[in-house]
1. Helix hunt in the chain: which complete DSSP H runs extend at least 18 Å axially by C-alpha with mean Kyte-Doolittle at least 0.5?
2. Given the rule -39500 (n - 2.57) for each run of at least 4 DSSP H residues, summed and divided by the residues of the chain, what is its mean residue ellipticity at 222 nm, to the nearest 500 deg cm²/dmol?
3. Karplus couplings for segment 55-65 from phi (6.51 cos²θ - 1.76 cosθ + 1.60, θ = phi - 60°), rounded to Hz, Gly and Pro as x?
4. So if I restrict to the alpha-carbon atoms in segment 110-175, what is the Rg, and what is Dmax, the biggest pairwise distance, in Å?
5. Taking a quarter of the surface of the Cα convex hull of segment 211-298, what do you get in nm²?
6. Using r as the Cβ-Cβ distance of LEU198 and GLN281, and R0 as 22 Å, what FRET efficiency do you calculate, to the nearest 0.05?
7. What accessible area per residue comes out for segment 114-238, rounded to a whole number of Å², with a 1.4 Å probe?
8. In nm, give the distance between the simple-model label positions of ASN67 and ARG395, each being 7 Å from the Cα along the Cα-to-Cβ direction.
Amino acid sequence: MSSKKNSSNSNFYKEPGPKLSKESPFESMMERFRFAADILKLDEGMFQYLASPVKQVIVSVPIVMDNGEIKVFEGYRVIHDNVLGPSKGGLRFAPDVNLEEVKALAAWMTWKCAVVNVPFGGAKGGVRCNPKELSKTELERLTRRYTANMLDVFGPDRDIPAPDMNTNEQVMAWIMDTYSMNAKRTETAVVTGKPIILGGSQGRKEATGRGVVTVTLAALNKMGLMPNKTKVVVQGFGNVGSVSAQLMYEQGAKIIAVSDISGGYYNADGLDIPKMIEYSQNNDNSLEGFESAEKITNEELLELECDVLIPAAKEDQISKENAHKIKAKIIAEGANGPVTASADSILEQNGVMVIPDILANAGGVTVSYFEWVQDRQGYFWTEERVNRRLNRMMRNAFDNLYSVSEEYGITLRQAAYVYAINRVVTTLKLRGIYA
(Lines give C-alpha, C1' and ligand atoms only; values in the text may rest on other atoms or scores of the structure.)
Protein backbone atom coordinates (compact mmCIF):
# COMPACT_ATOMS: atom_id res chain seq x y z
CA MET A 1 0.00 0.00 0.00
CA SER A 2 1.17 3.59 -0.52
CA SER A 3 2.94 5.62 2.14
CA LYS A 4 1.19 5.13 5.48
CA LYS A 5 1.18 7.74 8.14
CA ASN A 6 -0.51 8.60 11.38
CA SER A 7 -2.65 11.73 11.19
CA SER A 8 -1.89 12.68 14.79
CA ASN A 9 0.06 15.86 15.37
CA SER A 10 0.87 16.90 18.93
CA ASN A 11 1.55 20.50 17.92
CA PHE A 12 -2.10 21.27 17.33
CA TYR A 13 -4.99 21.84 19.67
CA LYS A 14 -7.07 18.76 20.48
CA GLU A 15 -10.31 18.18 22.36
CA PRO A 16 -9.48 14.82 23.96
CA GLY A 17 -11.37 13.32 26.88
CA PRO A 18 -10.42 11.57 30.10
CA LYS A 19 -9.50 7.91 30.46
CA LEU A 20 -12.62 5.87 31.10
CA SER A 21 -13.52 2.55 32.69
CA LYS A 22 -13.16 -0.23 30.10
CA GLU A 23 -16.09 -2.19 31.56
CA SER A 24 -18.78 0.49 31.36
CA PRO A 25 -17.42 3.91 30.44
CA PHE A 26 -20.78 5.67 30.41
CA GLU A 27 -21.80 4.26 33.79
CA SER A 28 -18.43 5.23 35.32
CA MET A 29 -18.89 8.72 33.89
CA MET A 30 -22.39 9.08 35.34
CA GLU A 31 -21.17 7.83 38.72
CA ARG A 32 -19.16 11.05 39.05
CA PHE A 33 -22.35 13.08 38.83
CA ARG A 34 -24.41 11.20 41.40
CA PHE A 35 -22.57 13.04 44.17
CA ALA A 36 -23.33 16.43 42.57
CA ALA A 37 -26.92 15.41 41.86
CA ASP A 38 -27.39 14.53 45.54
CA ILE A 39 -26.05 17.92 46.67
CA LEU A 40 -28.43 19.68 44.26
CA LYS A 41 -31.30 17.37 45.37
CA LEU A 42 -32.17 16.58 41.75
CA ASP A 43 -35.34 14.58 41.28
CA GLU A 44 -35.09 11.21 39.50
CA GLY A 45 -36.67 12.53 36.29
CA MET A 46 -34.08 15.28 35.93
CA PHE A 47 -31.27 12.83 36.69
CA GLN A 48 -32.58 10.47 33.98
CA TYR A 49 -32.66 13.38 31.54
CA LEU A 50 -28.97 14.14 32.25
CA ALA A 51 -28.12 10.45 31.94
CA SER A 52 -29.75 10.07 28.51
CA PRO A 53 -27.99 11.29 25.33
CA VAL A 54 -30.21 13.38 23.04
CA LYS A 55 -29.07 11.53 19.91
CA GLN A 56 -26.88 8.51 19.09
CA VAL A 57 -25.93 7.95 15.44
CA ILE A 58 -24.12 4.88 14.04
CA VAL A 59 -23.18 4.82 10.34
CA SER A 60 -21.37 2.49 7.96
CA VAL A 61 -18.47 4.21 6.22
CA PRO A 62 -17.53 2.31 3.03
CA ILE A 63 -14.47 3.52 1.12
CA VAL A 64 -12.41 2.32 -1.83
CA MET A 65 -8.87 1.56 -0.63
CA ASP A 66 -5.79 2.42 -2.68
CA ASN A 67 -5.58 -1.18 -3.96
CA GLY A 68 -9.15 -1.03 -5.29
CA GLU A 69 -10.75 -3.09 -2.52
CA ILE A 70 -13.83 -1.83 -0.67
CA LYS A 71 -13.54 -1.68 3.10
CA VAL A 72 -16.36 -0.76 5.50
CA PHE A 73 -15.69 1.12 8.76
CA GLU A 74 -18.12 2.02 11.55
CA GLY A 75 -18.65 5.66 12.53
CA TYR A 76 -20.36 7.24 15.55
CA ARG A 77 -21.63 10.61 16.70
CA VAL A 78 -23.35 11.10 20.04
CA ILE A 79 -25.02 14.35 21.07
CA HIS A 80 -25.35 14.17 24.83
CA ASP A 81 -27.02 17.52 25.37
CA ASN A 82 -28.00 20.66 23.43
CA VAL A 83 -29.86 22.68 26.07
CA LEU A 84 -27.17 25.38 26.33
CA GLY A 85 -26.63 25.61 22.56
CA PRO A 86 -25.34 23.56 19.61
CA SER A 87 -23.35 20.51 20.63
CA LYS A 88 -19.56 20.54 20.54
CA GLY A 89 -16.90 17.86 20.78
CA GLY A 90 -13.97 16.09 19.21
CA LEU A 91 -13.79 13.40 16.54
CA ARG A 92 -11.40 10.51 17.10
CA PHE A 93 -10.03 7.87 14.74
CA ALA A 94 -8.91 4.78 16.67
CA PRO A 95 -9.21 0.97 16.44
CA ASP A 96 -10.96 0.65 19.81
CA VAL A 97 -13.60 3.42 19.39
CA ASN A 98 -17.04 2.19 20.48
CA LEU A 99 -20.47 3.65 21.24
CA GLU A 100 -20.18 3.42 25.05
CA GLU A 101 -16.89 5.35 25.03
CA VAL A 102 -18.28 8.02 22.70
CA LYS A 103 -21.41 8.39 24.88
CA ALA A 104 -19.28 8.93 28.00
CA LEU A 105 -16.99 11.47 26.32
CA ALA A 106 -20.01 13.37 24.96
CA ALA A 107 -21.42 13.66 28.50
CA TRP A 108 -18.04 14.89 29.75
CA MET A 109 -18.04 17.62 27.08
CA THR A 110 -21.47 18.83 28.29
CA TRP A 111 -20.07 19.49 31.76
CA LYS A 112 -16.80 20.94 30.47
CA CYS A 113 -18.60 23.54 28.32
CA ALA A 114 -20.94 24.39 31.22
CA VAL A 115 -18.02 24.86 33.64
CA VAL A 116 -16.47 27.63 31.50
CA ASN A 117 -19.84 29.15 30.55
CA VAL A 118 -19.45 28.39 26.86
CA PRO A 119 -22.91 28.20 25.17
CA PHE A 120 -22.47 24.68 23.80
CA GLY A 121 -23.82 21.27 24.68
CA GLY A 122 -21.63 18.16 24.65
CA ALA A 123 -20.97 15.77 21.76
CA LYS A 124 -18.32 13.30 20.63
CA GLY A 125 -17.65 11.30 17.50
CA GLY A 126 -15.41 8.58 16.23
CA VAL A 127 -14.59 6.14 13.45
CA ARG A 128 -13.29 2.70 14.33
CA CYS A 129 -10.14 2.39 12.22
CA ASN A 130 -6.37 2.31 12.58
CA PRO A 131 -5.13 5.55 10.98
CA LYS A 132 -1.53 4.24 11.07
CA GLU A 133 -2.58 1.69 8.43
CA LEU A 134 -4.26 4.24 6.15
CA SER A 135 -2.61 6.35 3.48
CA LYS A 136 -3.39 10.05 3.37
CA THR A 137 -5.77 9.57 0.43
CA GLU A 138 -7.59 6.74 2.24
CA LEU A 139 -7.87 8.92 5.34
CA GLU A 140 -9.34 11.72 3.23
CA ARG A 141 -11.92 9.39 1.63
CA LEU A 142 -12.83 8.02 5.07
CA THR A 143 -13.27 11.53 6.52
CA ARG A 144 -15.35 12.79 3.60
CA ARG A 145 -17.65 9.74 3.52
CA TYR A 146 -18.15 9.90 7.31
CA THR A 147 -18.99 13.63 6.96
CA ALA A 148 -21.42 12.96 4.10
CA ASN A 149 -23.20 10.42 6.33
CA MET A 150 -23.42 13.05 9.10
CA LEU A 151 -24.77 15.94 7.00
CA ASP A 152 -28.05 15.90 8.94
CA VAL A 153 -26.17 15.92 12.26
CA PHE A 154 -23.35 18.42 11.71
CA GLY A 155 -23.94 22.14 11.27
CA PRO A 156 -22.81 25.45 12.78
CA ASP A 157 -26.17 25.74 14.56
CA ARG A 158 -26.44 22.02 15.36
CA ASP A 159 -23.22 20.14 16.06
CA ILE A 160 -19.60 21.26 15.68
CA PRO A 161 -16.73 18.70 15.58
CA ALA A 162 -13.10 19.41 16.54
CA PRO A 163 -9.79 17.50 16.52
CA ASP A 164 -9.27 14.64 18.97
CA MET A 165 -7.21 11.44 19.03
CA ASN A 166 -5.52 10.88 15.62
CA THR A 167 -7.34 13.77 13.94
CA ASN A 168 -5.91 17.21 13.21
CA GLU A 169 -6.52 20.46 11.34
CA GLN A 170 -6.23 18.72 7.95
CA VAL A 171 -9.07 16.36 8.89
CA MET A 172 -11.13 19.37 10.00
CA ALA A 173 -10.43 21.06 6.65
CA TRP A 174 -11.79 17.99 4.79
CA ILE A 175 -14.93 17.97 6.96
CA MET A 176 -15.48 21.68 6.35
CA ASP A 177 -15.02 21.28 2.59
CA THR A 178 -17.34 18.25 2.35
CA TYR A 179 -20.06 20.00 4.34
CA SER A 180 -19.60 23.20 2.29
CA MET A 181 -19.84 21.34 -1.05
CA ASN A 182 -23.18 19.87 0.00
CA ALA A 183 -24.46 23.16 1.45
CA LYS A 184 -23.36 24.92 -1.78
CA ARG A 185 -21.65 27.65 0.23
CA THR A 186 -18.47 27.90 2.29
CA GLU A 187 -19.43 27.15 5.89
CA THR A 188 -16.31 27.66 8.03
CA ALA A 189 -18.18 27.51 11.37
CA VAL A 190 -19.10 23.82 10.97
CA VAL A 191 -15.83 22.71 12.62
CA THR A 192 -13.19 24.21 14.89
CA GLY A 193 -9.48 23.40 15.02
CA LYS A 194 -9.06 24.35 11.34
CA PRO A 195 -5.95 25.84 9.73
CA ILE A 196 -5.76 29.62 10.31
CA ILE A 197 -6.09 30.28 6.57
CA LEU A 198 -9.47 28.46 6.50
CA GLY A 199 -10.95 30.38 9.43
CA GLY A 200 -9.03 28.96 12.36
CA SER A 201 -8.33 31.16 15.37
CA GLN A 202 -5.14 32.83 16.51
CA GLY A 203 -3.94 31.60 19.90
CA ARG A 204 -5.42 28.10 19.55
CA LYS A 205 -2.18 26.14 19.80
CA GLU A 206 -1.31 27.72 23.17
CA ALA A 207 -4.91 27.89 24.44
CA THR A 208 -4.90 24.83 26.72
CA GLY A 209 -1.58 25.69 28.38
CA ARG A 210 -2.58 29.33 28.74
CA GLY A 211 -5.83 28.29 30.43
CA VAL A 212 -3.90 26.06 32.86
CA VAL A 213 -1.72 29.01 33.86
CA THR A 214 -4.66 31.44 34.21
CA VAL A 215 -6.44 29.19 36.75
CA THR A 216 -3.12 28.45 38.50
CA LEU A 217 -2.49 32.17 38.99
CA ALA A 218 -6.06 32.57 40.30
CA ALA A 219 -5.43 29.75 42.81
CA LEU A 220 -2.12 31.29 43.93
CA ASN A 221 -3.96 34.55 44.50
CA LYS A 222 -6.53 32.81 46.72
CA MET A 223 -3.66 31.37 48.77
CA GLY A 224 -1.91 34.73 49.05
CA LEU A 225 1.12 33.53 47.06
CA MET A 226 3.00 35.70 44.56
CA PRO A 227 3.86 34.02 41.23
CA ASN A 228 7.45 35.32 41.35
CA LYS A 229 7.94 33.69 44.74
CA THR A 230 6.73 30.24 43.72
CA LYS A 231 8.41 26.98 42.75
CA VAL A 232 6.75 25.07 39.91
CA VAL A 233 7.09 21.48 38.65
CA VAL A 234 5.69 20.51 35.22
CA GLN A 235 5.24 16.88 34.20
CA GLY A 236 5.11 16.55 30.41
CA PHE A 237 6.74 18.83 27.84
CA GLY A 238 4.33 18.51 24.92
CA ASN A 239 2.02 21.28 23.76
CA VAL A 240 0.28 21.82 27.12
CA GLY A 241 3.29 21.26 29.39
CA SER A 242 5.78 23.40 27.48
CA VAL A 243 3.34 26.31 27.10
CA SER A 244 2.42 26.12 30.81
CA ALA A 245 6.10 26.08 31.80
CA GLN A 246 6.92 29.00 29.48
CA LEU A 247 4.04 31.18 30.73
CA MET A 248 4.79 30.47 34.42
CA TYR A 249 8.45 31.28 33.68
CA GLU A 250 7.35 34.61 32.18
CA GLN A 251 5.40 35.31 35.40
CA GLY A 252 8.70 35.09 37.29
CA ALA A 253 8.06 31.65 38.81
CA LYS A 254 11.02 29.35 39.38
CA ILE A 255 10.47 26.20 37.30
CA ILE A 256 12.57 23.69 39.25
CA ALA A 257 11.71 20.56 37.24
CA VAL A 258 10.11 19.40 33.99
CA SER A 259 9.88 16.00 32.34
CA ASP A 260 9.16 14.39 29.00
CA ILE A 261 9.31 10.86 27.58
CA SER A 262 13.10 10.79 28.26
CA GLY A 263 12.74 11.45 32.01
CA GLY A 264 12.82 14.30 34.52
CA TYR A 265 15.15 17.32 34.60
CA TYR A 266 15.75 19.17 37.88
CA ASN A 267 17.57 22.35 38.88
CA ALA A 268 16.98 23.81 42.36
CA ASP A 269 17.99 27.28 41.08
CA GLY A 270 15.40 27.16 38.27
CA LEU A 271 15.49 25.91 34.69
CA ASP A 272 15.89 28.09 31.59
CA ILE A 273 12.56 27.18 29.95
CA PRO A 274 13.02 29.08 26.63
CA LYS A 275 16.37 27.30 26.23
CA MET A 276 14.73 23.91 26.96
CA ILE A 277 11.93 24.52 24.46
CA GLU A 278 14.49 25.44 21.78
CA TYR A 279 16.59 22.39 22.66
CA SER A 280 13.56 20.07 22.43
CA GLN A 281 12.46 21.50 19.07
CA ASN A 282 15.96 20.93 17.66
CA ASN A 283 16.23 17.45 19.17
CA ASP A 284 13.24 15.62 17.67
CA ASN A 285 10.88 16.90 20.40
CA SER A 286 12.96 15.33 23.15
CA LEU A 287 14.94 16.75 26.10
CA GLU A 288 17.30 13.73 25.99
CA GLY A 289 20.85 14.98 26.59
CA PHE A 290 19.90 18.41 28.01
CA GLU A 291 22.85 19.30 30.25
CA SER A 292 21.93 22.26 32.50
CA ALA A 293 19.89 20.04 34.81
CA GLU A 294 20.11 17.00 37.05
CA LYS A 295 18.37 13.88 35.68
CA ILE A 296 15.64 12.53 37.98
CA THR A 297 12.91 9.91 37.67
CA ASN A 298 9.25 10.66 37.03
CA GLU A 299 8.43 9.47 40.57
CA GLU A 300 10.99 11.85 42.10
CA LEU A 301 9.66 14.73 40.02
CA LEU A 302 6.08 14.31 41.26
CA GLU A 303 7.24 14.19 44.88
CA LEU A 304 9.40 17.34 44.81
CA GLU A 305 8.63 20.10 47.31
CA CYS A 306 6.98 22.90 45.32
CA ASP A 307 4.10 25.36 45.31
CA VAL A 308 2.55 24.25 42.01
CA LEU A 309 2.57 20.86 40.30
CA ILE A 310 1.22 20.75 36.74
CA PRO A 311 0.75 17.14 35.55
CA ALA A 312 0.40 17.61 31.78
CA ALA A 313 1.46 14.18 30.53
CA LYS A 314 -0.75 11.13 31.03
CA GLU A 315 -3.66 9.95 33.16
CA ASP A 316 -3.38 8.16 36.53
CA GLN A 317 -0.04 9.70 37.57
CA ILE A 318 -1.06 10.48 41.15
CA SER A 319 -2.81 7.55 42.84
CA LYS A 320 -3.38 6.30 46.39
CA GLU A 321 0.16 4.79 46.21
CA ASN A 322 1.96 8.15 45.94
CA ALA A 323 -0.66 10.80 46.88
CA HIS A 324 0.59 11.03 50.49
CA LYS A 325 4.09 11.89 49.18
CA ILE A 326 2.93 14.90 47.14
CA LYS A 327 4.33 18.11 48.64
CA ALA A 328 2.74 20.65 46.24
CA LYS A 329 0.23 23.20 47.52
CA ILE A 330 -1.65 23.32 44.19
CA ILE A 331 -2.10 20.67 41.49
CA ALA A 332 -3.38 22.02 38.16
CA GLU A 333 -4.48 19.12 35.93
CA GLY A 334 -3.14 19.98 32.48
CA ALA A 335 -3.70 16.39 31.32
CA ASN A 336 -7.01 14.54 31.52
CA GLY A 337 -7.37 12.45 34.68
CA PRO A 338 -3.79 12.63 36.06
CA VAL A 339 -5.17 12.28 39.62
CA THR A 340 -7.15 9.11 40.32
CA ALA A 341 -10.39 9.12 42.31
CA SER A 342 -8.68 7.22 45.15
CA ALA A 343 -6.01 9.94 45.41
CA ASP A 344 -8.49 12.82 45.63
CA SER A 345 -9.47 12.24 49.27
CA ILE A 346 -5.83 11.83 50.38
CA LEU A 347 -4.84 15.12 48.71
CA GLU A 348 -7.86 16.84 50.23
CA GLN A 349 -6.90 15.63 53.74
CA ASN A 350 -3.37 16.95 53.18
CA GLY A 351 -4.66 20.39 52.17
CA VAL A 352 -3.63 20.19 48.51
CA MET A 353 -5.85 22.26 46.19
CA VAL A 354 -6.56 20.28 43.01
CA ILE A 355 -7.76 22.33 40.04
CA PRO A 356 -9.64 19.65 38.08
CA ASP A 357 -9.01 18.87 34.42
CA ILE A 358 -12.62 19.77 33.56
CA LEU A 359 -11.65 23.39 34.36
CA ALA A 360 -7.84 23.52 34.13
CA ASN A 361 -7.54 22.33 30.53
CA ALA A 362 -10.76 23.92 29.25
CA GLY A 363 -8.81 26.73 27.55
CA GLY A 364 -8.89 24.69 24.35
CA VAL A 365 -12.67 24.40 24.08
CA THR A 366 -12.97 28.08 25.06
CA VAL A 367 -10.81 29.16 22.11
CA SER A 368 -12.77 26.67 19.95
CA TYR A 369 -15.83 28.71 20.91
CA PHE A 370 -13.97 31.91 19.94
CA GLU A 371 -13.12 30.34 16.56
CA TRP A 372 -16.82 29.53 15.98
CA VAL A 373 -17.82 33.11 16.93
CA GLN A 374 -15.23 34.60 14.58
CA ASP A 375 -16.31 32.32 11.71
CA ARG A 376 -19.95 33.31 12.24
CA GLN A 377 -19.02 37.02 12.18
CA GLY A 378 -16.56 36.69 9.33
CA TYR A 379 -14.29 38.93 11.38
CA PHE A 380 -11.11 37.68 13.07
CA TRP A 381 -9.45 38.82 16.27
CA THR A 382 -5.80 39.43 17.04
CA GLU A 383 -3.97 36.89 19.20
CA GLU A 384 -3.77 39.50 21.95
CA ARG A 385 -7.58 39.86 21.99
CA VAL A 386 -8.09 36.06 21.96
CA ASN A 387 -5.71 35.69 24.92
CA ARG A 388 -7.31 38.53 26.87
CA ARG A 389 -10.81 37.07 26.46
CA LEU A 390 -9.57 33.55 27.26
CA ASN A 391 -7.93 34.79 30.48
CA ARG A 392 -11.13 36.55 31.52
CA MET A 393 -13.38 33.52 30.90
CA MET A 394 -11.02 31.09 32.65
CA ARG A 395 -10.59 33.42 35.61
CA ASN A 396 -14.36 33.89 35.95
CA ALA A 397 -14.88 30.11 35.76
CA PHE A 398 -12.32 29.55 38.54
CA ASP A 399 -13.96 32.18 40.75
CA ASN A 400 -17.38 30.57 40.18
CA LEU A 401 -16.14 27.11 41.17
CA TYR A 402 -14.25 28.47 44.16
CA SER A 403 -17.45 30.11 45.43
CA VAL A 404 -19.40 26.85 44.99
CA SER A 405 -16.68 24.87 46.79
CA GLU A 406 -16.82 27.29 49.74
CA GLU A 407 -20.64 27.36 49.80
CA TYR A 408 -20.96 23.57 50.03
CA GLY A 409 -17.63 22.79 51.74
CA ILE A 410 -16.51 20.55 48.85
CA THR A 411 -13.44 20.21 46.62
CA LEU A 412 -13.02 22.16 43.38
CA ARG A 413 -13.57 18.94 41.40
CA GLN A 414 -16.87 18.30 43.15
CA ALA A 415 -17.76 21.98 42.75
CA ALA A 416 -17.13 21.74 38.99
CA TYR A 417 -19.78 19.04 38.58
CA VAL A 418 -22.23 20.77 40.94
CA TYR A 419 -21.83 24.04 39.01
CA ALA A 420 -22.08 22.40 35.57
CA ILE A 421 -25.12 20.28 36.37
CA ASN A 422 -26.88 23.19 38.05
CA ARG A 423 -26.29 25.34 34.96
CA VAL A 424 -27.76 22.73 32.59
CA VAL A 425 -30.69 21.96 34.93
CA THR A 426 -31.55 25.65 35.48
CA THR A 427 -31.54 26.25 31.69
CA LEU A 428 -33.66 23.14 31.08
CA LYS A 429 -36.26 24.20 33.67
CA LEU A 430 -36.55 27.63 32.03
CA ARG A 431 -36.87 26.13 28.55
CA GLY A 432 -39.19 23.34 29.66
CA ILE A 433 -39.70 19.94 28.06
CA TYR A 434 -41.22 20.27 24.59
CA ALA A 435 -44.28 18.03 24.33
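1. The qualifying helices are 99-115, 207-222.
2. -13500 deg cm²/dmol
3. 3J(HN,Hα) across segment 55-65, in whole Hz: 8, 10, 10, 10, 10, 8, 10, x, 9, 8, 6.
4. Expressed in Å, the Cα Rg and Dmax of segment 110-175 come to 13.4, 39.
5. The orientation-averaged projected area of the Cα hull of segment 211-298 comes to 5.3 nm².
6. Working from the Cβ atoms, E equals 0.30.
7. About 34 Å² of surface per residue is accessible.
8. With each label point 7 Å from Cα toward Cβ, the separation is 5.9 nm.
The values are calculated or read from the model by the stated rules, or taken from the named source; none is laboratory data. Source: prediction; values computed, not measured. Please note: Cβ atoms are built from the backbone with ideal geometry, for glycine as well, and neighbour counts cover all protein chains shown. All accessible areas refer to the heavy atoms of the entire protein, side chains included, with ligands and DNA or RNA removed. Shrake-Rupley method; radii C 1.70, N 1.55, O 1.52, S 1.80 Å.
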